[in-house]
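Since the structure comes first, as structure tokens, the remarks are kept for the end.
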Amino acid sequence: FYTFTAPACSGSDIFFDDLSVAGNGYIKQWIWNFGDGSPADTINFPENPNVWHTFDNPGTYPVTLIVKNSEGCNDVFANNVTLLPAPVANFHYYHACENTVVEFTDASYPNGAGNVVSWNWNFDDPASGINNTSSLKDPTHIFSQGNTTYNVRLVIVNFNNCSDTMVKQVFILPAPPVDFTFDKTCLDEVVYFNPDTLV
């Protein structure tokens with residue numbers, strides 16, 4: 001007998017917890033078959049019989065556990081595990097320049113799994129303090145330093161409590177140095193200013 005974590009979402013690690021009892025003697029072997037075409041997972045005593053498994057695609061899978069005890073007896077427990085489709089996280093960003101507001105737009109889609117209900121952003125910019133994170137769908141952020149690459153992470157969760165994560169590198173362009181010159185002049189005369197922007 002076993003239990004597994006819920007919700008079971010495609011692309012997520014599912015924990016299977018063995019609850020088998022030996023009867024006589026002790027359980028010497030556990031064979032997990034996940035019904036998704038992957039090789040069976042065979043565990044021998046005294047190793048931990050509990051396992052993690054990731055199902056790549058949504059659907060219903062017949063997960064079978066075979067246990068063998070030290071007395072030569074076998075038992076089989078089978079249960080259907082239904083994998084819900086997970087959403088797909090994605091985002092776009094605009095105006096990635098130093099000292100300017102960078103606009104982030106959520107481009108995630110539900111993937112047939114129910115609407116996305118929460119967004120968790122981390123801008124990889126701890127120097128920005130409490131502004132380093134956001135729960136808005138389409139946030140903005142001013143990065144603390146130019147000429148720097150930040151690993152921006154978006155975690156989304158859908159109606160079924162399935163989640164997905166997207167990380168993108170965002171390079172913040174440095175602001176160009178700006179200077180200007182002007183002609184010497186006298187009171188009540190026109191002064192000419194000339195931009196001297198260095199790129």
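Worth pointing out:
- nm² value of the averaged projected area, convex hull over the Cα atoms of region 60-102: 6.8 nm²
- Projected over all directions and averaged, the alpha-carbon convex hull of the chain occupies 17.9 nm².
- Viscosity 0.692 mPa s, 37 °C: Kirkwood-radius Stokes-Einstein D of region 87-156 over Cα pairs, µm²/s: 259 µm²/s
- Out of every Cα-Cα pair that region 81-199 contains, those further apart than 26 angstrom amount to 42 percent.
- Scalar couplings 3J(HN,Hα) for region 16-33, obtained by applying the Karplus form with A = 6.51, B = -1.76, C = 1.60 to θ = phi - 60°, are 9, 10, 6, 10, 6, 10, 6, x, 9, x, 9, 6, 9, 7, 10, 10, 9, 10 Hz; x denotes Gly and Pro.
- Apolar share of the accessible surface for the chain: 53 percent from carbon plus sulfur atoms, 1.4 Å probe.
- Net charge dipole, region 105-175: roughly 20 debye, given to the nearest 20, about the Cα centre with Cβ charges of +1 for Lys and Arg and -1 for Asp and Glu.
- Positive end of the dipole of the chain (Cβ unit charges, origin at the Cα centre): among 185, 92, 65, the Cα lying farthest that way belongs to 65.
- Remark on region 124-172: hydrodynamic radius 12.1 angstrom, per the Kirkwood mean of 1/r across alpha carbon pairs.
- Cβ-isolated cysteines (cut-off 4.7 Å), the chain: 73, 97, 186
- Of the chymotrypsin sites (Phe, Trp or Tyr not before Pro) in region 1-50, the ones in a loop by DSSP (not H, G, I, E or B) with at most 14 other beta carbons within 10 Å are 1, 26.
- A simple packing score, the average count of other Cβ atoms within 10 Å per residue, orders the peptides 149-162, 40-53 as 149-162, 40-53, with the highest score first.
- Across q = 0.26, 0.27 Å⁻¹, region 1-71 modelled as identical point scatterers on its alpha-carbon atoms has Debye log10 I(q)/I(0) values of -1.24, -1.31, in the order of the q list.
The values are calculated or read from the model by the stated rules, or taken from the named source; none is laboratory data. As the structure is a prediction and not an experimental result, all values here were calculated from the model. Because the Cβ atoms are built from the backbone with ideal geometry, glycine has one as well, and the counts that use them run over all protein chains shown. Protein only, heavy atoms only, side chains kept; ligands, DNA and RNA dropped before computing areas. Shrake-Rupley method; radii C 1.70, N 1.55, O 1.52, S 1.80 Å.
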